[in-house]
Structure formats: structure tokens, C-alpha cells
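Structure first, then comments.
The values are calculated or read from the model by the stated rules, or taken from the named source; none is laboratory data. Note that the coordinates shown come from a computational prediction; the quantities given were computed from them, not determined experimentally. As a convention, Cβ positions derive from the backbone with ideal geometry for all residues, glycine included, and neighbour counts pool all protein chains shown. Each accessible area value is taken on the protein alone, full model and side chains, heavy atoms only, with ligands, DNA and RNA left out. Shrake-Rupley method; radii C 1.70, N 1.55, O 1.52, S 1.80 Å.
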Amino acid sequence: MAPYHIRKYQERDQKTVVDLFYKGMVEHIPATFRHTLMLPQILVFLIGVPFSILLVSGSWLLAFLSDFTLLVLLRLFVGYPWKQYVVTCLRTDLADITKSYLSASDSCFWVAESGGQVVGTVGALPVENPPPGKKQLQLFHLSVAMEHRREGIAKALVRTVLQFARDQGYGEVVLDTSIVQQSAIALYLRMGFQETGQFFFSFVMRLVGIPTFHLTYHLPSAGHGGHLSSLHVAEGGLQGIQGQPVKPAGI
């Protein structure tokens, strides 16, 4: 396992950060596709349409081609929200990372560097309209290069955000992640985040039954010490979203 260190983002990191972000997002498309194929209504549709064509035409070839076409269209359909999210981010906060994350003292963007290469990223911005009486920091764009996962880099990046939030006087750190990002969910829950809500990121995600979970980490008060020296694990072991066990996995 190669050594790594975490530092603040610099302008020369832009291309690598964007590449990591893009690869991290599009790799969720196959998982989304597999999840969609397991939905009962999708299975009925994928079986029913070709079977109906077979009954009407008597052609196995037409039935096969219709099923293949439906699978291709479904793959494109479920991939669209992920690619659209990438486009949106590249036009907004990731268009100018320094301006978005490093122009104020209450936000930041970090990279993990190993062997002279950027291999991980994470950003944090204050929540614009938090619940009354709360000061929240939102975690964005946690990503680690595939070849450097299971080395503790993702955990170290999250801990960096948590310590930054504590130092800046935030009471909570929040984030959003989807049900197909199981390794990320396992990491967050093991570190003490809790599910505090869920929603559908887009109409497409609602159709294919893929919710986004809102997770919250409640920071200890100043009286409990100034440094996050240990991870919080819920009593009774690691539990997943909606009480289902999640197999821990590195990012």
C-alpha cells in the first residue's frame, strides 16, 4: 500500500480532479442498470413485450431483437441521470473549484496524493438554508481512484471534512448518496453518519426505484474534546439504510 497525504486543492489538480469525478460517477451506471433489471415491473416488461411480439408475428428473431433493443434503451435511460449530473457539476462548482470552495474560510476542497498523483478528492460547502438553529456543512465529491481503494483514503478524506467542520464550528455534516453506492453507504454509516431522509434525485430515478439517501453526522460539542480521534460505530454493529445490514467495503 503506497503512502499518501491529504492537502488542499491547487489549480494544477483541475484535470485530474475532473477525471476522477467523471470516472467515479459513470461507474455507477452498471450498478444502476443491474438494480433496475431486478425490479418486478421491469422484468415483466422485458419478458412481456418480446413474448407478445412472438405471439403476434411467430418470429423468434423479432422477439429477440425487440428484447435486445429494450435492454439497450434501458441502459441508456438509467445512465442519463448520472451523465447529466456530471454535466451540471462541470458547469457549476467544478467549473472553478478555487472560486467555489476556496474563496471563503468556511468551505474547502482537498485531494489525496500518492506517488505524486492525485488519487482522491472531497469538497465541503456550507448548507445555504439549513434547518433553524443548525449550522451544517455539506460533503461533496468524495472519490478515490479505483487502483487506490481499500487503502483507507476515503475514510481519511471524510475525517478531514469532519475535523474541518468541527474547527469551523459546524454542528452537523450532511451528504447525499444513492442506494447503488453501497461501498460509500457502508463507509459513512461505519463512521457515524445516520440516515435522516430520502428523496429521488430525478424523475428517471423515481421510475427505476433508486432513491437518494440524506445522511447526517452530528458533531460532538466542544466540551467533548476538540479532535475526532475515533470512529463512531452504532451499538449493535454496522447497520445499513432502513435497518438492512450493509457489507463494509472500501472506496
Requested in this report: Scan the range 11-26 and give yes if some residue there is free of Cβ contacts under 8 Å to residues at least 24 places away in the same chain, within 20 Å of Leu139 (Cα to Cα) and out of contact with any His (no Cβ under 8 Å at 6 or more places or on another chain), otherwise no.
Outcome: yes
Requested in this report: Please find, within the range 30-58, the residue that is most open to solvent (accessible area, probe 1.4 Å) out of those that are outside any helix (DSSP H, G or I) and of a type in the set (A, V, I, L, M).
Outcome: Met38
Query raised in the report: Given the conditions (1) closer than 16 Å to Pro220 by Cα; (2) in a strand (DSSP E or B), which single one is not true for Leu142?
Result: (1)
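For Ile97, indicate whether it is touching a residue at least 60 places away in the same chain (Cβ under 8 Å) and surrounded by 15 or more Cβ atoms within 10 Å (Cβ to Cβ).
On the way: touching a residue at least 60 places away in the same chain (Cβ under 8 Å): yes; surrounded by 15 or more Cβ atoms within 10 Å (Cβ to Cβ): yes.
Spelling it out, Ile97 is indeed touching a residue at least 60 places away in the same chain (Cβ under 8 Å) and surrounded by 15 or more Cβ atoms within 10 Å (Cβ to Cβ).
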Report task. List the number of the failed condition for Trp110; all other conditions in (1) more than 30 Å from Val44 (Cα to Cα); (2) free of Cβ contacts under 8 Å to residues at least 12 places away in the same chain hold. Result -> (2)
Query raised in the report: Would you call Glu151 of a type in the set (Asp, Glu) and open to solvent by 30 Å² or more (accessible area, probe 1.4 Å)?
Result: yes
Requested in this report: Provide a single number: the residues in the range 180-199 that are open to solvent by less than 50 Å² (accessible area, probe 1.4 Å), outside any helix (DSSP H, G or I), touching a strand residue (DSSP E or B) at 6+ places or on another chain (Cβ under 7 Å) and over 16 Å from Val161 (Cβ atoms).
Outcome: 1
